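Below you'll find the structure, written out as structure tokens, and then a few comments.
Taken together, the values in this text are just the output of simple stated rules run on the coordinates, not laboratory data. Small disclaimer: the values here were computed from a predicted structure and weren't measured.
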Amino acid sequence: MIDQENLKQSERWTEVIKPRSGWLDINLREVWRYRDLLMLLVRRDFVAVYKQTILGALWIFIQPLLTSLTYVIIFSKVAHLSSDGLPPILFYLAGVTCWNYFSSCLNTTASTFITNAQIFGKVYFPRLIMPLSVSVSNLVKFLIQFGLLIIMMIWYGLKGMHIAVNISLLILPLLLLIMAGLSLGLGIIVSSLTTKYRDLSYLITFSVQLLMYASPVVYPLSSVSAGKLHLLLVANPMSGPIEAFKYALLGKGYFSWNLLGYDFAFMIVVLVIGILIFNRVEKTFMDTV
């Protein structure tokens, strides 16, 4: 008879998969162990979008540039909205660069469970890897569009315009963290809810578009300086990062550590709630998707 004790010692499992029992049962160490998969998914997300297009990755430049030019015509030339004393193209491009990152992460993350249901049903890996890969792949696009903004700033600088880049540029990683955390937290909350309520998948794109007009993307926060509307705009957690981004690069905008502190705290709360809900829903979502 085989010695049972020796048999147990010979079984050295490399992976043990077991059910999670509680809301707080989140194994972030496991997510770190699957970092190679994260990078593969980032590459897949980045390549797949432009794989069968004629212009390919050039769309990363074309989309924000065309959007900014449209805003120049509609909001600057026709509606005569303030651009905070900046060339309209620079003002709108700075806002669009930030908003594109936030909205792309939010819209893509919001459909995580639905679009990846077949993969989730066949292969085991930490499900949180999927929304994290969206944030990282969109970060690459952000950096490319940020480079476009820098080129436009250099162009205006060569034409004699004073570009007031200042030391606040050092907080750019903090601004990215706030935007990434907000989009990730809100996205996985919506993604978790859409496993039962599919209507949300149709509502989210429309809601994000409306939220843009409640953010200082096409107008400066300084143009709404008092009243309940100002408080409403300040309460929007995307107002602080967008205004601070413009201030750091262009010297125009509203920079406040108190406002950024509020945005950071809001991001932490949303992110924690989102991860807890995601962790709870991922155990049963295959029954409802």
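Numerical summary
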| quantity | calculated |
| --- | --- |
| Exceeding the 25 Å Cα-Cα cut-off - candidates LYS141/LYS228; LYS77/LYS246; LYS77/LYS141 | LYS141/LYS228; LYS77/LYS141 |
| Gain upon complete extension [LEU203, ARG33; 0.36 nm per residue less C-alpha separation] | 57.7 nm |
| Principal axis dimensions, region 147-289 - Cα atoms, whole angstrom, descending | 62, 36, 26 |
